[in-house]
């Protein structure tokens, strides 16, 4: 129930495949777990152009926000987290693919994509989380 000084805020999120801004209008921001799928265009170092369909499982880690009100307000400060996340991940994947020949990408696409998105730890192993605290 809303208080007298409160109001609903309409959230416009990216949706569709490939992502289109302002496709989804909602007043509810779910913290997940959920998933998103996007289609991106990449180009390898030998100029092979490919269309990739990428799916992401995600959830918000709110453990830090529970103890810090300033951190909690950051959850609602990004207007379109879906579009921003998809753009950031697509940029990382495009950058990694641009430095790899088509044959190498074809043979090792899963590990190249995962390493570009999650990064490598100090032991050169692919991390299992994407986040700002990495």
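The values are calculated or read from the model by the stated rules, or taken from the named source; none is laboratory data. Quantities reported herein were computed from a predicted structural model and do not represent experimental measurements. Here Cβ is always computed from backbone atoms with ideal geometry, including for glycine, and neighbour counts include all displayed protein chains.
List of remarks:
- If you check 61, 38, 46 for being touching a helix residue (DSSP H, G or I) at 6+ places or on another chain (Cβ under 9 Å) and closer than 22 Å to residue 119 by Cβ, only one passes: 38.
- Where residue 63 falls short, out of the listed (1) in contact with a strand residue (DSSP E or B) (Cβ under 9 Å, 6 or more places away or on another chain); (2) over 30 Å from residue 104 (Cβ atoms); (3) surrounded by fewer than 10 Cβ atoms within 10 Å (Cβ to Cβ): (1)
- Residue within the range 30-39 that is touching a strand residue (DSSP E or B) at 6+ places or on another chain (Cβ under 6 Å), surrounded by fewer than 12 Cβ atoms within 10 Å (Cβ to Cβ), at pLDDT 85 or above and under 28 Å from residue 109 (Cβ atoms) present: yes
- Residue match in the range 94-111 (condition: more than 20 Å from residue 13 (Cβ to Cβ) and assigned to a strand (DSSP E or B)): no
- Considering residues of the range 66-91 that are in contact with a helix residue (DSSP H, G or I) (Cβ under 8 Å, 6 or more places away or on another chain) and surrounded by fewer than 17 Cβ atoms within 10 Å (Cβ to Cβ) only, the residue nearest to residue 38 (Cα to Cα): 78
- For residue 133, the test of being at pLDDT below 90 and assigned to a loop (DSSP other than H, G, I, E, B) is passed.
- Out of 14, 45, one residue alone is within 24 Å of residue 98 (Cβ to Cβ) and not in a loop (DSSP other than H, G, I, E, B). It is 14.
- Pairs linking a residue in the range 116-127 that is touching a residue at least 24 places away in the same chain (Cβ under 8 Å) to a residue that is assigned to a helix (DSSP H, G or I), with Cβ atoms under 8 Å and 6 or more positions apart or on different chains, are 116/92; 116/93; 116/95; 116/96; 116/97; 117/89; 117/92; 117/93.
- Look at (1) over 24 Å from residue 127 (Cα atoms); (2) out of contact with any helix residue (DSSP H, G or I) (no Cβ under 7 Å at 6 or more places or on another chain); (3) loosely packed, with under 13 Cβ neighbours inside 10 Å; (4) in contact (Cβ under 8 Å) with a residue 12 or more places away in the chain and you find that residue 18 fails only one, number (3).
- Screening residue 55 against (1) loosely packed, with under 14 Cβ neighbours inside 10 Å; (2) in contact with a helix residue (DSSP H, G or I) (Cβ under 6 Å, 6 or more places away or on another chain); (3) without any contact (Cβ under 8 Å) to a residue 40 or more places away in the chain leaves a single unmet condition, (2).
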